Amino acid sequence: MPGTPREGNSAARKNNKKKAHCITSSGAGGLFFDMENTGQLRELQRHAPLARANGPVRLRAGRWRLSAGTVSSPDASHVPVLLKPAVDALLTDPSGSYLDGTFGRGGHSREILGRLGPAGRLLALDRDPDAISSGQALTAGDSRLTLRRAAFADVASQAGDFVPLSGILLDLGVSSPQLDRAERGFSFMADGPLDMRMDPDSGVSAAEWLAASSEADIAAALKRWGEERFARRIARAIKNRAAPLTRTGELAELVAGCVPRAEPGKHPATRTFQAIRIAVNAELEQLEQALEASVDLLAPGGRLVIISFHSLEDRLVKRFIRRQGAAPGNRRLPPAAAGPGPRLEAVGKPQRADEEECRANPRARSAIMRVAVRTAQGAAS
Ligand SMILES: C[S@@+](CC[C@H](N)C(=O)[O-])C[C@H]1O[C@@H](n2cnc3c(N)ncnc32)[C@H](O)[C@@H]1O
């Protein structure tokens, strides 16, 4: 079909031609595409309706070029990852109270509501105001759902009379609409203000964080949260720049200039963007606080279901479950004197999305889900 993104996709894949039609709209933003990366071309296809609405543009030749357009639909959809397995693992009592700490576009919440009985309740949180406004119609039509703008680290103060909970779900990371909207500043694929805050009303933007941080602190963050080999080189280039960075496109270009060899299929700025996003949103601290709080909120038999998208998150979850699962008491002593037993037990093995899901939704490739069950040891009842 001439003039559609599909045509660009097949042209690049089959003939490795260095041009394609792509999504566009007017405005100062832009998109990066690696024309040799089929994952990105699939992403491009995902936006085909937008492209048709706005008309095609030509990409400049070569890898990692910035095009003239931006994806800016505030209602761009998010395809939930591990939807059925996560809700299968979470929901054990249709009359129970549940918490979805990462509402996003409500994919998991809808599935939970679909399986809950009339007495069941769901409290959903998200720190992103766009996520909350996207869920207004759902809350208006279903009295079992309470949707609040809040950080999941504050789950203990938010949960109130939902406690004891039969299940807590965290589907970590960012949603597709956050990535797709250039003005949110999360994406190296689309040029926008260098922001990256999930809650744009709190904390500092990525640009402010970079301006306020020393070269050493930036390098440490890139290494720790991005596992970036060229962290020092990138940090030096950021601090030596004549003017402070204010746009995602500037940062993506700067990083591409510092990384001699990009990893196959990955934009060179992937690790840097991940690290800065983690820093700006205090993502690992948020996760740690939510995990610590969650154990006291779960009823005996209640499930904790966590979907992570990178090894730092997953490691934290794995260690937490292991720590809570190890009896803190002394096993050599008789039970009465041994101290409290485990508060959580891992359920099954960590689960990944199957091939079919990964094909349909490239985000699913890095997802890993861990499930744990609350034991009766000191549980809320
Ligand atoms: C991967 S998306 C969730 C998608 C959702 N499960 C769905 O099916 O639509 C992650 C969401 O969690 C939110 N989020 C991330 N960290 C958060 C935190 N610390 N507190 C509250 N929400 C957070 C993001 O704003 C984003 O909307």
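The values are calculated or read from the model by the stated rules, or taken from the named source; none is laboratory data. All values reported here derive from a predicted model rather than from experimental measurement. As a convention, Cβ positions derive from the backbone with ideal geometry for all residues, glycine included, and neighbour counts pool all protein chains shown.
Brief remarks on what is shown
- Residue count for segment 285-303, restricted to those that are within 15 Å of the ligand (Cβ to nearest atom), more than 14 Å from the chain's Cα centre (by Cα) and not hydrophobic (A, V, I, L, M, F, W, C): 5.
- Qualifying residue in segment 244-263 (condition: within 16 Å of the ligand (Cβ to nearest atom), touching a residue at least 24 places away in the same chain (Cβ under 8 Å) and not basic (Lys, Arg)): no
- Which numbered condition LEU50 misses (of (1) at pLDDT below 95; (2) part of a loop (DSSP other than H, G, I, E, B); (3) hydrophobic (A, V, I, L, M, F, W, C)): (2)
- Scope segment 209-248; condition surrounded by fewer than 21 Cβ atoms within 10 Å (Cβ to Cβ), of a type in the set (D, E, K, R) and at negative phi; matching residues: GLU215, ASP217, LYS223, ARG224, ARG229, ARG232, ARG233, ARG236, LYS239, ARG241, ARG247
- Answer residue from segment 304-322, given it is of a type in the set (D, E, K, R) and buried (at least 20 other Cβ atoms within 10 Å of the Cβ) and is farthest from the ligand (Cβ to nearest atom) among those: ASP314
- If you go through segment 227-266 and pick out every residue that is touching a Leu at 6+ places or on another chain (Cβ under 9 Å) and either closer than 16 Å to PRO193 by Cα or part of a helix (DSSP H, G or I) (or both), you end up with 18.
- Scan of segment 269-284 for residues that are more than 15 Å from the chain's Cα centre (by Cα) and either farther than 25 Å from VAL204 by Cβ or part of a helix (DSSP H, G or I) (or both), ordered by number: THR272
Residue-by-condition table, conditions (1) away from the ligand (no atom under 14 Å from the Cβ); (2) within 15 Å of GLU283 (Cα to Cα); (3) without any contact (Cβ under 8 Å) to a residue 60 or more places away in the chain; (4) more than 14 Å from the chain's Cα centre (by Cα):
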| site | (1), (2), (3), (4) |
| --- | --- |
| LEU147 | no, no, yes, yes |
| ALA150 | no, yes, yes, yes |
| SER157 | no, no, yes, yes |
| LEU170 | no, yes, no, no |
| VAL174 | no, yes, no, no |
| GLU183 | yes, no, no, yes |
| VAL204 | yes, yes, no, yes |
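- Filter result for PHE162 (touching a residue at least 60 places away in the same chain (Cβ under 8 Å) and outside the structural domain of PHE103 (by TED's automatic domain parsing)): no
- Every pair of residues 6+ apart whose Cβ atoms lie under 7 Å, when the first sits in segment 214-242 and is touching a residue at least 60 places away in the same chain (Cβ under 8 Å) while the second is of a type in the set (S, T, N, Q) and part of a helix (DSSP H, G or I): TRP225/GLN274
- Only one of the numbered conditions (1) aliphatic (A, V, I, L, M); (2) more than 20 Å from the chain's Cα centre (by Cα); (3) at pLDDT 95 or above is violated by ALA252, and that is (2).
- Selection of first residues in segment 301-324 that are farther than 22 Å from THR375 by Cβ and assigned to a helix (DSSP H, G or I) and of second residues that are within 13 Å of the ligand (Cβ to nearest atom) and among the small types (Gly, Ala, Ser), restricted to Cβ pairs under 8 Å at least 6 apart or on distinct chains, gives the following pairs, ordered by first then second residue: GLU313/GLY173; ASP314/SER308.
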